[in-house]
Structure formats: C-alpha cells, structure tokens
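Below is one structure, written out as structure tokens, with a few remarks after it.
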Amino acid sequence: MLDDSHENVRDGLEACLPRLWRYALVLARDAVLAEDLVQSTCARALEKQEQYQAGTNLRAWLFTILTSIWKNHLRAEKVRAGSGFEDPELVLTGDGGHDLEANNLLRRVLIEVERLPEAQRQTVLLVYAEGFTYREAAHILEVPIGTIMSRLAAVRATLADLKQDPSN
C-alpha cells in the first residue's frame, strides 16, 4: 500500500501538466522536446515519489525535477553537435497566436521576454507566469534569492522601455 506522499504525487501530477508543458516549451523552444521533458519529469517524479514530502509544494518539486532534466539535456547537447530549436512564436501561433495579435503590447512583451537570456527567461516564467515566490524560484533554479531579485530587476528595466517606446 502506498503512503500519502505517493498518493499526493500521482493525484497532483495531472493538474500540474499544463504548467509543466508551458515551462518546458519556454525552456526548449521546441514542442517535441518540451513533450519529452514533461514525460521525463513525470516518469522521474513517479520513480522518486518517495522523496516527495507530503504537505510541501508539489508543483515546485515537479518544476525542480524538470529544471534538472533540462540542465542534463543542455550538458548532453554540449557533448553532441548542437541542435536547432523552433522559433517559439511559430510554435505558439496555433495555441493562442490570434490572441497575441489582438494585444500589441502583450505581443511585444512576449517577444522581448523571448529575447532575454535563458536565466532571465526562466526566472520570469517561474515568478510571474507560474506564481512561485522568489525563494521557491531560487530553490528550483539552484541560485541565491538575490540572483532572482537581480534578474527580475534587469527584466523589469528592459520591459519598461516598451511602455515608453511604442515603436519597438
């Protein structure tokens, strides 16, 4: 018989899938690779479910697993010949692209977020899109909380220019 932590992982995993998928797509910039990342995350979570502490943030635990898998993928890519990624704007076109066109400022913000260095892009997604606290994002990305704060300050400064200059 499984204990409560095992039940919590299996029960909560399905609810987290859309957010895991979105995060994986932002990281990978490729729908197929994002799907592989999410599948690997689910498999690892189920294999390691005894490590999950019942009552803690399951979503943060799953995002930590996904981030770890992504880092391992990047390390493996450095060993192999580099592979290209699809343009995320093209990937997202069929999944809300029409809505992006309807809101010019949102489209410009998303384009600018996509241009951010990967570390800043990950931080923005975790804190602003996924609602993790700075502390949780720092834990997921394995960086000090001050690094999270610094990255977000830099992002806010970059994005503030969009409001000032509508020609971007």
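Table for the structure above
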| quantity | calculated |
| --- | --- |
| Label-point separation, Asp36 to Arg10 (7 Å along Cα→Cβ), nm | 2.9 |
| Those GluC sites (Glu not before Pro) in the range 109-149 that DSSP places in a loop and that have at most 15 other beta carbons within 10 Å | Glu142 |
| Kirkwood Rh and Cα Rg combined as Rg/Rh, the range 1-83 | 1.02 |
| Pair Glu118, Ser68: separation of 7 Å Cα→Cβ label points (nm) | 1.8 |
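FYI, it's all coordinate maths here, none of it is from the lab. Just so it is clear, the structure is predicted and the values come from calculations on it, not from any experiment. Ideal geometry is used to build each Cβ from the backbone, glycine not excepted, and the neighbour counts take in all protein chains shown.
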